[in-house]
Structure formats: C-alpha cells, structure tokens
1. Among the numbered criteria (1) on the phi < 0 side of the Ramachandran plot; (2) open to solvent by less than 70 Å² (accessible area, probe 1.4 Å), which single criterion is violated by PHE176?
2. Conditions: (1) at pLDDT below 80; (2) more than 29 Å from the chain's Cα centre (by Cα); (3) not acidic (Asp, Glu). PRO147 meets all but one. Number of the miss?
3. Only one of (1) closer than 25 Å to PHE110 by Cα; (2) open to solvent by less than 30 Å² (accessible area, probe 1.4 Å); (3) modelled with pLDDT under 90 fails for ALA94. Which number is that?
4. Exactly one of (1) assigned to a loop (DSSP other than H, G, I, E, B); (2) in contact with a strand residue (DSSP E or B) (Cβ under 9 Å, 6 or more places away or on another chain) is unmet by PRO172. Its number?
5. With (1) among the hydroxyl-bearing types (Ser, Thr, Tyr); (2) within 30 Å of GLY82 (Cβ to Cβ); (3) under 20 Å from the mean Cα position of the chain (by Cα) as the list, and SER120 as the residue in question, which single condition is left unmet?
6. Spot the failing condition for PRO109; the list is (1) assigned to a loop (DSSP other than H, G, I, E, B); (2) modelled with pLDDT under 75; (3) within 18 Å of the chain's Cα centre (by Cα), and only one is missed.
7. Return yes or no: is VAL155 touching a Lys or Arg at 6+ places or on another chain (Cβ under 9 Å), modelled with pLDDT of 85 or more and closer than 18 Å to ARG56 by Cα?
8. Looking only at residues in segment 56-75 that are of a type in the set (D, E, K, R), in contact (Cβ under 8 Å) with a residue 24 or more places away in the chain and open to solvent by 50 Å² or more (accessible area, probe 1.4 Å), which one is farthest from LYS165 (Cα to Cα)?
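The values are calculated or read from the model by the stated rules, or taken from the named source; none is laboratory data. All values derive from a computational prediction rather than experimental measurement. Glycine also receives a Cβ, built like all others from the backbone with ideal geometry; neighbour counts cover every protein chain displayed. The protein model used for the area step is the full one, side chains on, heavy atoms only, and it has no ligands, DNA or RNA in it. Shrake-Rupley method; radii C 1.70, N 1.55, O 1.52, S 1.80 Å.
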Amino acid sequence: MKVMTNTRPGQLARMRGFSLVTGIFLLVVLSALGAFMVIFTGLQQNTVQNDVLGVRAYYAARAGINWAMYRALDPDNTIAPGAAAFAPCPAPVAPATVSLTGLGGSLAPFTVQLSCSLSSATEANREIRVYEITATACNQGSCVVSPAVPPTGYVERRVVVTVAKCKDPTAPAPRFACGP
C-alpha cells in the first residue's frame, strides 16, 4: 500500500534546513535578552548604591549643620556669656573651611567641610547676628574636586542654613533673650 503525501518530489529537499535556522535564531534572540538583563541588573545595582551614598552624604552634611548651629546659637550662653557677647562663626569665614572628622557608623567614610559668613544688625536695643552656614559632605578626603569630571563613585551633598540669634541687654540674665 502506498501512502499519499501532499509534497512534490523536490519540496522535501528544500525544507530540510528550516528548523536549524529557526533554532539558531531563537538561540541568538534569547542570548541577547539574557545579556541585556545582566547589564540592566548591574546598572540598577550601581544606581541604588549611589542613591544610598547620596543619602548618607546628605545626613553627614546635616550633622555638620547641626553641630555648627549649636555652636552659633549657643543656647546655654556658655560659648559667649554676657549681654553683648556672641558666639563667633563656628567655621572660618568662606572660602576657608573647617573639616569635621570622626563621624561614626555609616557616616564614617564622609568628610564634612563647613564654612560660615556672619552679619549683624541692631534694632532698638537688640543686637542680632545672622549666620549663614554651609556644610559640604563627600566621600573623599577633600570635597573640592579639581577635574571637571569627578571620579567614579564620588558623592557630594551641600546644605546651606541661615540662622539668627538675638540678644537684648535689658532682658534677664543669663540668656538675654529677645522677647516675642
């Protein structure tokens, strides 16, 4: 008994390499997709790592700002006691800076550089000092990057705060605080 097929005699010879071409094409497409996933995952990990470093740098700068604000505002009047005495800038006047070291925990690898500018005014009998404090935190030994392109992994955050302290010589000691 003879089996009948719908193929012509030369058609089988032409269809033999089709599955090989399809298999190679699928292998190439799946390999490219896998390589893309590996590259994308690596880039995503670097981005997350830089974000975490950026947050840590921000909090290191905030720690520097908090330290400098406490020194400038002198809430207990221990740095500059008296009715007319004010605390000096907690950092040198810009462009000079002072570096804070010894931060603990996850902020330990960061350097914080502080600068301060000071202005004063008198209103009636009240003396007012205004401090502008800048804290720059980075994960290098120095936060001033000389080349235009920073090194790989370099993170820097800057926080600027303006605070004022008022002293009234006619107010009760020891704080000589200005009234409402």
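1. Here PHE176 clears every test but (1).
2. (2) is the only condition that PRO147 fails.
3. (2)
4. (2)
5. (3)
6. So the condition that PRO109 fails would be (2).
7. Spelling it out, VAL155 is indeed touching a Lys or Arg at 6+ places or on another chain (Cβ under 9 Å), modelled with pLDDT of 85 or more and closer than 18 Å to ARG56 by Cα.
8. Going through the qualifying residues, I end up with ARG56.
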